[in-house]
Every structure is written in structure tokens, then in C-alpha cells.
1. Say we look at region 50-60 and pick out the residues that are of a type in the set (A, V, I, L, M, F, W, C) and within 17 Å of L115 (Cβ to Cβ); which of these is surrounded by the fewest Cβ atoms within 10 Å (Cβ to Cβ)?
2. Of all residues in region 69-86, count the ones that are farther than 18 Å from N133 by Cα and within 13 Å of the chain's Cα centre (by Cα).
3. In region 63-78, what residues are loosely packed, with under 15 Cβ neighbours inside 10 Å and among the charged types (D, E, K, R)?
4. Scan region 52-68 and give yes if some residue there is at pLDDT 95 or above, farther than 29 Å from R10 by Cβ and of a type in the set (S, T, N, Q), otherwise no.
5. Could you grab the pairs with beta carbons closer than 7 Å, sequence gap of 6+ or different chains, first residue in region 131-158 and under 14 Å from A28 (Cβ atoms), second one charged (D, E, K, R) and open to solvent by less than 40 Å² (accessible area, probe 1.4 Å)?
6. When you check L17 against the structure, is it within 13 Å of A90 (Cα to Cα) and under 19 Å from the mean Cα position of the chain (by Cα), yes or no?
7. Please work out if A125 is hydrophobic (A, V, I, L, M, F, W, C), touching a Gly at 6+ places or on another chain (Cβ under 9 Å) and surrounded by fewer than 23 Cβ atoms within 10 Å (Cβ to Cβ).
8. Of the residues in region 139-152, how many are in contact with a helix residue (DSSP H, G or I) (Cβ under 7 Å, 6 or more places away or on another chain) and open to solvent by 60 Å² or more (accessible area, probe 1.4 Å)?
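The values are calculated or read from the model by the stated rules, or taken from the named source; none is laboratory data. Remember, predicted model here, so these are calculated numbers, not experimental data. Backbone-built Cβ (ideal geometry, glycine too); neighbour counts: all protein chains shown. Side chains included, ligands, DNA and RNA excluded: accessible areas come from the protein's heavy atoms. Shrake-Rupley method; radii C 1.70, N 1.55, O 1.52, S 1.80 Å.
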Amino acid sequence: MSGLEEAVTRAAASAALRKIHADRARSAYDRAVATCRHAGVTQEAAQLVPTSPVGRAAAALRLSAGSLDALAASAPDPAADARCARNAAAAAALAAQVAASHDTAGAASALRAALTASQTAATAAGGPAPGRNAALNTTADEAEHHAVAAARTAGWIV
């Protein structure tokens, strides 16, 4: 394989990974937005130095929006893209903690699913091949799908 062919192959692989991470990041961000909306958390509640769960969730939501904007404007970078997905999943987990405090039916299950999605996204973003491990990305994608379903069951997503 020539150097040009290798470069094209690497670029195609990076673009494919970009889509995987971007889709997971958008899903987690949308879940965070819906969960915050359900819990009555607005971005205006964001605090520079968060002192409450609501302030932390709102600040994380705002930071995730910025991460998604940066992801859309940058060249594919699997490690950075996976960190964006991790950050969005963490924001959704913070939102789930606030929503779960209202103790609605399915809240505990949705919170556990959100925490698992956040943890698996962090694992996929780390390790010796950050953002590039297919098995870890698949696990993170599955956890995100489960978190969306659990949030829908809890009534956080309509």
C-alpha cells in the first residue's frame, strides 16, 4: 500500500470514528437537554463555580453544547471526538441525578443507565487507543441506547 493509500485509509477510518462519536455525543446531549427540561433545569441556572446539583447540571449542559460546536468545526480526531461524547454523557448523568431526585417511576433505573452510559463513554475515550477501540465504542453506544430508553421510560424524554 502506498503512502497516499495509507493516508486515505486513515482519513476514512477517522471520519467513520467521527460519526460514531458524534452520534453518541448528540444523543447524550439531547438526553441531557430533555432530562434538564423535565427537571426544570435551564441553562440560566449554570454557575461558574457550581454549588448545587442544578447548577452543575446546567453548567455541564452549557459546556456540552460548546463541545458539540467544537466537534462540528474541527478536523476528525478520534480521541478528542470520544472526549466530546464522554462530556455529553457526563452532562446527561448530572441531569439524571437532578431528575431522579424527584423520585418518579423509573427514575432509579434511568439514573443507573445514565451513570453507566457516562462510565462507558469515559472508558471508550481513554485507554491505550483513545476513541479508537471498536469494542469499547460498541459498549458505549449500547449503553447510550439503553440510557435513552430508560430516560424515555422514566418520562424524561417525550
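1. Ranking the candidates gives A60 first.
2. Within region 69-86, residues that are farther than 18 Å from N133 by Cα and within 13 Å of the chain's Cα centre (by Cα) number 1.
3. If the condition is that a residue be loosely packed, with under 15 Cβ neighbours inside 10 Å and among the charged types (D, E, K, R), then D69 is the only one that fits.
4. Taking every residue of region 52-68 in turn, none turns out to be at pLDDT 95 or above, farther than 29 Å from R10 by Cβ and of a type in the set (S, T, N, Q).
5. As it stands, the answer is A140/R24; D141/R24; E144/R24; A147/R31; V148/R31; A151/R31; I157/R31, since those pairs meet every condition given.
6. Answer is no for this residue.
7. No: the conditions fail for A125.
8. 2
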